[in-house]
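To start, the structure under review is shown below, and the notes come after it.
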2 protein chains.
Amino acid sequence: MRDELRADLLEVGRLLVSMAEAVRTAMARATEALLTADRAICEMVIARDAEVDELHRHVDQQVYDTLARQAPVATDLRLVITGIRIAADLERMGDLAEHVAKTALRRYPAPALPPQLREVITSMAAVADRMAGKVGLVLTTQNATLGAELESDDDAMDELQRQLFSILLHKDWPHGAEAAIDGALLGRFYERYADHAVNAGQQVFYLVTGETSEPPDVVA
Amino acid sequence: MRDELRADLLEVGRLLVSMAEAVRTAMARATEALLTADRAICEMVIARDAEVDELHRHVDQQVYDTLARQAPVATDLRLVITGIRIAADLERMGDLAEHVAKTALRRYPAPALPPQLREVITSMAAVADRMAGKVGLVLTTQNATLGAELESDDDAMDELQRQLFSILLHKDWPHGAEAAIDGALLGRFYERYADHAVNAGQQVFYLVTGETSEPPDVVA
């Protein structure tokens, strides 16, 4: 690989790792804000999503410049194009963290989360955090095994979402429709965050193994 | 523009128009299945989403081949890259139609939609259908005005979503948490479908006007 191309790709990789770190922090903070009904943290998460969007634009511009200047082919071309896809998944993960923060803010100063949901949402947030961390590691190490682990993490997330719904739909649910809707939407935000982490990880996996990317199924 | 590049771009455009038509039909059918609790239509929508995914793979392969063979630059390069983004939005619209069908199927043979929600969901589906139709037209005509219209359609969708939530959260809501959650998630599926239609339209708009693509805000 030519030195200029290598430098361009390193820059794309560096930006993607920054994005992965930013969206991991965003979801961790959003969860904290949700659990503690902390308005300042909600507002910080919402404000800082603009930084993720800005990084996304940088990635796209860098990819565009690389394609225009270097005209890569074969594996190099695939590597460059993969940057666009991963950046799109990471940006969406940032949006979902922002949605969690907005949900918390909408109920402020009341807590958005009834006591019955704290444990399952805390578990979902822990899985989300682990997955975002792995995406960062996969980007840094191109370790395909870690990418595959993301799929079993995603199964754990789906199982937690089933638990969440069984609580929401229990005949003794005491909090009414509004809290049930909030809970269902929050569950969906974490679950979609996980889906995008899997997607991002798969992109790296397919790149390393040379298999064709197949759009993954998404759980409704 | 060279003839080979023009032919490649026409092929990308042809595939994208097919995708836009397919995801418009998918959402129209999913809505019909939802309103009539029709199991066969649900299953057809779910099965045929694989065709949208297949078209998506064709677009990506065609873009990849075009970049490798033609090494386009400047506007041509932007045009080619835009194909990847639009295909991703269209595929996601297909997934969302599938989610609507799966929601209907999960409650079958009961209707997933209580009578109070039929009118607002029918309106949301009508806006979604109009928007998907415009995406197809924008792709065919590269008419930037139509692309801009998508944003006001999206405002209409957001307003309908507010109406939906005000019904779900009314103190006299008689259907319990499960139907409220279904209603909220269905609303979100239509609203996200509209967001992706706006995104796809904006890609064409930015392409025609030469403005930089800015990731749009997404309503939680």
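With respect to B:D155, determine if the residue is out of contact with any strand residue (DSSP E or B) (no Cβ under 7 Å at 6 or more places or on another chain), more than 9 Å from chain A (Cβ to nearest Cβ) and not in a helix (DSSP H, G or I). No; evaluated as a whole, the condition is false for this residue. Applying the condition of being facing another protein chain (nearest Cβ under 8 Å) and within 16 Å of B:K171 (Cα to Cα) to region A:174-185 and asking which residue is surrounded by the most Cβ atoms within 10 Å (Cβ to Cβ) yields A:A180.
Of the candidates B:D89, B:D8, B:D95, B:D49, the single residue that is touching a helix residue (DSSP H, G or I) at 6+ places or on another chain (Cβ under 6 Å) and closer than 24 Å to B:G183 by Cβ is B:D49.
Within region A:65-81, the set of residues being within 8 Å of chain B (Cβ to nearest Cβ), crowded, with 17+ Cβ neighbours inside 10 Å and assigned to a helix (DSSP H, G or I) comprises A:L67, A:L77, A:R78, A:I81. Selection of region A:82-113 for residues being more than 12 Å from chain B (Cβ to nearest Cβ) and surrounded by fewer than 21 Cβ atoms within 10 Å (Cβ to Cβ) yields A:R107, A:Y108, A:P109, A:A110, A:P111. When region B:32-48 is filtered for residues that are in contact with a Phe, Trp or Tyr (Cβ under 8 Å, 6 or more places away or on another chain) and part of a helix (DSSP H, G or I), the ones remaining, listed by number, are B:R39, B:C42. The conditions are (1) buried (at least 18 other Cβ atoms within 10 Å of the Cβ); (2) over 17 Å from the mean Cα position of the chain (by Cα); (3) of a type outside the set (A, V, I, L, M, F, W, C); (4) more than 25 Å from A:Q203 (Cβ to Cβ), and A:D8 fails exactly one of them. Which is it? A:D8 satisfies all of (1) buried (at least 18 other Cβ atoms within 10 Å of the Cβ); (2) over 17 Å from the mean Cα position of the chain (by Cα); (3) of a type outside the set (A, V, I, L, M, F, W, C); (4) more than 25 Å from A:Q203 (Cβ to Cβ) except (4).
Within region B:107-165, the residues that satisfy the criterion of being among the basic types (K, R) and in contact with a helix residue (DSSP H, G or I) (Cβ under 8 Å, 6 or more places away or on another chain) are B:R107, B:R118, B:R130, B:K134.
Residues that are buried (at least 23 other Cβ atoms within 10 Å of the Cβ), within 17 Å of the chain's Cα centre (by Cα) and more than 11 Å from every other protein chain (Cβ to nearest Cβ) within region A:35-62 comprise A:V45, A:V59, listed in sequence order. For the residues A:A26, A:A126, the requirement of being buried (at least 20 other Cβ atoms within 10 Å of the Cβ), away from chain B (no Cβ under 13 Å) and under 16 Å from the mean Cα position of the chain (by Cα) singles out A:A26.
Is it the case, given these coordinates, that A:L139 is at pLDDT below 90, more than 26 Å from B:L169 (Cα to Cα) and buried (at least 17 other Cβ atoms within 10 Å of the Cβ)? Here the answer is no, as A:L139 does not meet what is asked.
The values are calculated or read from the model by the stated rules, or taken from the named source; none is laboratory data. On a predicted model such as this, the values are computed, not experimentally measured, just so you know. Ideal geometry is used to build each Cβ from the backbone, glycine not excepted, and the neighbour counts take in all protein chains shown.
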